[in-house]
Ligand SMILES: [Zn+2]
């Protein structure tokens, strides 16, 4: 790979003819069209938070270096930014008065700050390496670069490695903050759109967890039909079964549940009633488990982490049962007392017994002392398995 260091290109040179796409949140071009700011494999602009973008301008005004910038020269002479896209987009956006900084105590856009400060920014020289190399060389190298402060996340790295028509189309659908479907998606997925997190989830679902393999396989596809269809099937499935939206839904592995349950029939009215009941049930400790519990036929109460009896309640019940049993000369385990073996009159110790719901929790029985009985461990286990 060939590299040359440029030390005489100014902010003004780089930002000449700056084009920014508000819709996609991307810096597109600089140097009067000669520089592509956001190549396909670059992530979206994420500095527009009023802090990182402002920090770039502050640094320049204070004369601090903003670090090395890397360009890649393509065969046709066109340049594209390998590293520095966030910084250059910040400069371009500031110069075109798209955000303000605090100057002399007031919010100022570029056009409002003093002329000498404008000049200082425009005339600042940047340190820019221009590299020429094969696509593989450039990409290998890009993988090793971390943009200051915010390292690329997994999906951003994968987008860079497998850049091509598939990633471009996939980002248009799943990483586009203007996509009106995001409102619906966000009910069931917790994600930041410009950090590629919806895309990551969509790929995770369709690939059953093997994102990298899937991206490599489909890299040169000219459509994302399968990805889109599968993703929409999962979302529509959840949306059609659960009529109400709960915060916990954002953390559910819907892809796995879809695979497991989407061929089963459900009555959305009943499902929603059940979900609301469980949500209101103070004994259900794990609200996240409600959805899988219902989809699985309301059998596996382990998913709900039902609250257990308090120790002091167990002790009170134990003492009452034991006293009554001793008076009658029978076992203090009511089920042992009904039997005919040696345990019929056995008095168990507290640590040999477990608390049991007289009326099962799943049939509306409460987890309080009025619904608590102590059984010997054997009987308790036998009852629990029914
Ligand atoms: Zn027993």
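Those helices (runs of 4 or more DSSP H) of the stretch 287-386 in which 2 or more residues are within 15 Å of the ligand (Cβ to nearest atom) and more than 30 Å from residue 261 (Cβ to Cβ) occupy 311-328, 334-338, 377-384. Report whether or not residue 292 is free of Cβ contacts under 8 Å to residues at least 12 places away in the same chain and under 30 Å from residue 372 (Cβ atoms). When the stated conditions are applied, residue 292 does not pass them.
If the condition is being assigned to a strand (DSSP E or B) and buried (at least 22 other Cβ atoms within 10 Å of the Cβ), then the stretch 37-77 contributes 71, 72. How about the stretch 100-123: which of its residues are farther than 15 Å from residue 12 by Cβ and in contact with a helix residue (DSSP H, G or I) (Cβ under 6 Å, 6 or more places away or on another chain)? Scanning the stretch 100-123 gives a single hit, 101. Would you be able to tell me the number of residues in the stretch 344-379 that are in contact (Cβ under 8 Å) with a residue 24 or more places away in the chain, farther than 21 Å from residue 280 by Cα and in contact with a strand residue (DSSP E or B) (Cβ under 7 Å, 6 or more places away or on another chain)? Total meeting the criteria: 12.
Any read-out appearing in this document is the output of simple, stated calculations on the displayed coordinates, not a laboratory observation. Keep in mind the model is a prediction, meaning the values are calculated, not measured. When we count neighbours, we look across all protein chains shown, and the Cβ atoms used for this are built from the backbone with ideal geometry, even at glycine.
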